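Accompanying notes for the structure given below.
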Amino acid sequence: MTSVLEVKGLVIERSGTRIIDEASFTIEKGDFAGIVGPNGSGKSTLLKGILGIEPKKSGEVFLFGTELSKFKDWGRVGYVSQSAINFDDKFPLTVRELVGLGQVSRSNLGKRLSAEDWKKVDETMEYMGIIELGQKRIGQLSGGEKQKVFVAKALVRDPELIILDEPVAGVDIGAIEKFYRKLSELVREKGTTVLVVSHDLSVVFCQMSKILCVNRDVYSSEITPDLNETELLRKVYGDHFTFVFHKHECWSDLHE
């Protein structure tokens, strides 16, 4: 079986400083993978390196079995950057129009979206729980609502891999669990592969199937009941780090 993402010996440097050092890991179809690590540890840089946004010094990245420099089928990949929601509050588009932009590709650039395209937009908004926001201006939304809109925009073309960089930054605590449960549904119901940067370690260990711990070095592990979470996390957070995690019913619910 071809991996969705394979990284071999990836090195990324910036101004002579090594940000990612010899990263090697594999993401398989249907993985729900969390990327964790201290602030400034290189998590966003790793994602940008995977997507070719950040140039690599050495190493290889393969998307769906194709080397990154030769990969052209970007409709299979959805990406929401950390800065996606940072724009002028007077931005004129409605939520529905913005999600509709996710349907634009090279093949239909400059053309009006079809009725079928708009049907898919509405279905995706319904799935993300934002259908009632459709006619609102994007600048009128809360941080959490904006994040959902940009995830919907990334999902509207049914990507096989979705990459999210801190998608719940600025989102209220009550909405975070619902957001991650929606991602879990994508994995279970549609077979989507999800790679997400998160600072919520309990969510990662409770709801996800794989973890990438990043602090220049990258450590990858499957999340299983017998995983020693503290030992793994100390590799990037330091020897004095202590993680108190209470396994509860969500583990069995979301790892079936």
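The values are calculated or read from the model by the stated rules, or taken from the named source; none is laboratory data. This is a predicted model, so every value here is computed, not measured. Cβ atoms come from the backbone with ideal geometry, glycine included; neighbour counts cover every protein chain shown.
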Residue count for the stretch 186-209, restricted to those that are under 22 Å from residue 39 (Cβ atoms) and without any contact (Cβ under 8 Å) to a residue 40 or more places away in the chain: 1
Residues (at pLDDT 90 or above, out of contact with any strand residue (DSSP E or B) (no Cβ under 7 Å at 6 or more places or on another chain) and of a type in the set (Lys, Arg)) located in the stretch 214-253: 234
Single condition residue 33 does not satisfy, out of (1) modelled with pLDDT of 95 or more; (2) more than 29 Å from residue 242 (Cα to Cα): (2)
Odd one out for residue 22 among (1) more than 18 Å from residue 215 (Cβ to Cβ); (2) assigned to a strand (DSSP E or B): (1)
Cβ-Cβ under 8 Å pairs, at least 6 apart or on other chains, the stretch 222-243 side among the polar types (S, T, N, Q) and in a helix (DSSP H, G or I), far side modelled with pLDDT under 90 and surrounded by 10 or more Cβ atoms within 10 Å (Cβ to Cβ): 230/241; 230/243
Tally of residues being closer than 18 Å to residue 80 by Cβ and over 17 Å from the mean Cα position of the chain (by Cα) across the stretch 18-69: 0
Unmet criterion (only one of (1) over 16 Å from residue 59 (Cα atoms); (2) touching a Leu at 6+ places or on another chain (Cβ under 9 Å); (3) of a type in the set (S, T, N, Q)) for residue 24: (1)
Filter result (aliphatic (A, V, I, L, M) and within 18 Å of the chain's Cα centre (by Cα)) within the stretch 126-168: 128, 149, 151, 152, 154, 155, 156, 161, 162, 163, 164, 168
Count - residues of the stretch 132-155 that are assigned to a helix (DSSP H, G or I) and surrounded by fewer than 17 Cβ atoms within 10 Å (Cβ to Cβ): 4
Index of the failed condition, residue 27 passing every other in (1) modelled with pLDDT of 90 or more; (2) surrounded by fewer than 18 Cβ atoms within 10 Å (Cβ to Cβ); (3) under 29 Å from residue 185 (Cα atoms): (2)
Residue among 30, 9, 59 that alone is assigned to a loop (DSSP other than H, G, I, E, B), at positive phi and not polar (S, T, N, Q): 30
Members of the stretch 94-126 that are touching a helix residue (DSSP H, G or I) at 6+ places or on another chain (Cβ under 7 Å) and either at pLDDT below 75 or loosely packed, with under 15 Cβ neighbours inside 10 Å (or both): 101, 105
Cβ pairs under 9 Å, 6+ apart, first in the stretch 131-145 and without any contact (Cβ under 8 Å) to a residue 60 or more places away in the chain and basic (Lys, Arg), second surrounded by 13 or more Cβ atoms within 10 Å (Cβ to Cβ) and assigned to a strand (DSSP E or B): 136/94; 137/94
